[in-house]
Every structure is written in C-alpha cells, then in structure tokens.
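The values are calculated or read from the model by the stated rules, or taken from the named source; none is laboratory data. Everything numeric in this text was worked out from a predicted model, so none of it was measured. Cβ coordinates were reconstructed from backbone atoms using ideal geometry, including for glycine residues, and neighbour counts include every protein chain displayed.
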Amino acid sequence: MTIHKALRMALRALSYPASIDLDKTFKARRALENVKAPLSPLYRLWDKRIERNGHAIRVRLYEPPQLMDSRLLLFFHGGGWVHETIDTYNNVCRNLARTTGCRVASVEYSRAPEHIFPEALEDCYAAARAVYLEPESFGVKTREITLIGDSAGANLAAAVSLMARDRGEFSIARQILIYPATWNDHSSTSPFPSVRENGTDYLLTTKRIEEYMDWYAGGNPQSRQSPYFAPLLCPDLSRQPQTLVITAEYDPLRDEGEMYARRLREAGTPSWCCRMQDALHGYFSLPMGFAVVKRTYEIIQSFLNGDVDLWPVERKV
C-alpha cells in the first residue's frame, strides 16, 4: 500500500525543514518536556531511585489495574537521546502495562547535549543491573524481565544487551526493539535504501537524525565507531537475548532495524522482525485507537507469551 497523495503532501509540509536550527529550538522544547503532566489515578505507580556515580536515576514503576502475572518490562524511551522523558512517555507505559498485564519500569536516563555518550547508556545499564540483580525489589524474577525501547530507547536496549554480555554481570533473556537506531551514518553515504527513500518527507528526517547523533556523540567521531553507539558495528552478535524487532514502512531507520534482526539470526540468536505497513517513525506513541498501534501491542503480547514459533522470520503486517 502507499500513502494517500493528500496525506503525503501534509507530511511533507510537517516534516522538519532544513532551515530549522535544532540549537535554536532546543531550550523551548526542553522547557515543555519539564512540565509535569498529571498522572492517572487508575494506575498504581511509584518512582524509585538508583544511584550511579553520585547521581540518582529515576525509575518509574507502573502496575496495571489487573496484574496478570509477575513479568516486568524494563522500558527505555525514545527522543533521539535528546528529547522526551518518563513523564512525556506516561501514556505509552500505561498502555504497555494495561495491554500486557505486566509491570513496566521506565528509566529516566541522562540526555544529550548536557550528557554525551556513553552517559545515557551507562544510566540504562545501571538501571538494568539493579533490576536483574535485585528482581525481588521489583516483584519479579530475573527470567521474567524483558528489555523494551523505541527509537533511541531501542538503541539503548540493544546496547545494554551487548554490554551485559561483555561485562558478564547479568543475563538478559528477551528484548523488544521498536524502530531501533542501530547504525552510525544517515547521510547520503548510508548503505540503507530507507535512508534515501524516507529521509525527507515523513516527519523524522535524516538531517535531524544526524543532528541528534552528533549531539549524543558530543561531536566525537570516535564515539560513533563504538558498537555500543551503533550496535550493527558489533562484529560478534552471539549470545544476545531472544529479540523482536518492529519497524515502520516509511521510516529512515527501517532497513537498519531489519538488518539487525537478520544479523542476530545469523549469529544464532532467535529473532523475529515485523514491518508495520503504512506506519511512520514514532507511531508507537499514538493513541491506542490507531489500528497500527493496536496491532503492535498484539505482536508484543504474542512475543511475550512465546507464540512466535509459527511466525515466518520476517513479515509485513
């Protein structure tokens, strides 16, 4: 299927034009994100603090109205390592808790440009380490924990899994990566066709991705060469968690996410990839009334329940 002509024109108009300077809009965006949204009384939630190098990492726990079991989803939010917070992702995490029946733990990691790579990753790793080494304090068992993230958060989830394997402090069984950033180049030299096909007219542009990545790297080209920055650079993807990758058809990051799923399979890791038809980057934050969002939650539930043996390794839905 293709996007309707009128919608395509609207998307083109809404897409970040090259004239917008990220530096000039950053302070206003950050101020809006720092406004605390009211929390729904229909969900039990509370914040915990995890200490790392003298600063506290906030982790918000969501418990659904009907707790189905003791599983926990450890969630890393998107926003290009620059924007969004656990507060702006409240609705996403509420929906995750409600539709899966699982507890959700959302991590507030340090963001660029104030904190550059690998600070966000180290915060996420510290939060994961605390959850995996002391699961009883979160009301779960280690085998019942799944990493999940979208966009930059999916990048951080993949990197945490690599770091956990390399450091050997704990083992991760499952991860869910929703339109993950896995590569380090989104310029015209990118090896992925989706960068050129979807990089200008679908809200998230390759220009903006490059700006976010440069801020995350702190302008250091060497940081971009780290597998913890771009997981596809890792020469050895063995001993990784069972993985579900979900991509969006009209997303510059589509092909690198799907390549990551293939590389994991080649390394012997059970992994599945679903491409959501007619979807744009960021769609996962839309209300549950959207069919593509509802379908994504159904796929996540199937993965969590182990109902993936009947899937083809890649499919479009």
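Restricting to region 274-317, and then to whatever is surrounded by 15 or more Cβ atoms within 10 Å (Cβ to Cβ) and at positive phi, can you tell me which residue is modelled with the lowest pLDDT?
Once the filter is applied, the top-ranked residue is D278.
Take the residues of region 71-93 that are farther than 16 Å from E114 by Cβ and among the charged types (D, E, K, R): which is surrounded by the fewest Cβ atoms within 10 Å (Cβ to Cβ)?
The extreme case among them is D87.
Give region 56-70 a look and list any residue that's surrounded by 13 or more Cβ atoms within 10 Å (Cβ to Cβ), of a type in the set (A, V, I, L, M) and not in a strand (DSSP E or B), or say none.
Correct list: L67 only.
Any residue that is crowded, with 20+ Cβ neighbours inside 10 Å and modelled with pLDDT of 95 or more - is there at least one of those in region 139-146?
Yes, because at least one residue in region 139-146 is crowded, with 20+ Cβ neighbours inside 10 Å and modelled with pLDDT of 95 or more.
Name the pairs: first residue in region 193-222 and on the phi > 0 side of the Ramachandran plot, second residue among the polar types (S, T, N, Q) and modelled with pLDDT under 95, Cβ to Cβ under 9 Å, at least 6 apart or on different chains?
If the second residue must be among the polar types (S, T, N, Q) and modelled with pLDDT under 95, the pairs left are L203/S15.
Take the residues in region 103-124 that are assigned to a loop (DSSP other than H, G, I, E, B) and among the aliphatic types (A, V, I, L, M), then tell me which one is farthest from the chain's Cα centre (by Cα).
This residue is I116.
Please go through region 228-248 and give me each residue that is farther than 30 Å from Q277 by Cβ and surrounded by fewer than 19 Cβ atoms within 10 Å (Cβ to Cβ), ordered by number.
Once the filter is applied, which keeps residues that are farther than 30 Å from Q277 by Cβ and surrounded by fewer than 19 Cβ atoms within 10 Å (Cβ to Cβ), region 228-248 yields P235, D236, S238, R239.
Would it be correct to say that R262 is closer than 19 Å to L96 by Cα, part of a helix (DSSP H, G or I) and without any contact (Cβ under 8 Å) to a residue 60 or more places away in the chain?
no
Which residue, of R98, R129, is assigned to a helix (DSSP H, G or I), touching a residue at least 24 places away in the same chain (Cβ under 8 Å) and touching a Pro at 6+ places or on another chain (Cβ under 8 Å)?
Just one listed residue meets the conditions, R98.
Give the residues of region 101-126 that are without any contact (Cβ under 8 Å) to a residue 60 or more places away in the chain, closer than 30 Å to F26 by Cβ, buried (at least 19 other Cβ atoms within 10 Å of the Cβ) and charged (D, E, K, R), sorted by residue number. Talk me through it step by step, then tell me what you get.
Our first condition is that a residue be without any contact (Cβ under 8 Å) to a residue 60 or more places away in the chain; within region 101-126, this holds for 101, 103-111, 114-115, 119, 124-125.
Of the ones still in play, those that are also closer than 30 Å to F26 by Cβ are 104-111, 114-115, 119, 124-125.
Then drop every residue that is not buried (at least 19 other Cβ atoms within 10 Å of the Cβ), which leaves 104-109, 111, 119, 124-125.
Of everything in region 101-126, those that are without any contact (Cβ under 8 Å) to a residue 60 or more places away in the chain, closer than 30 Å to F26 by Cβ, buried (at least 19 other Cβ atoms within 10 Å of the Cβ) and charged (D, E, K, R) turn out to be E108, R111, E119.
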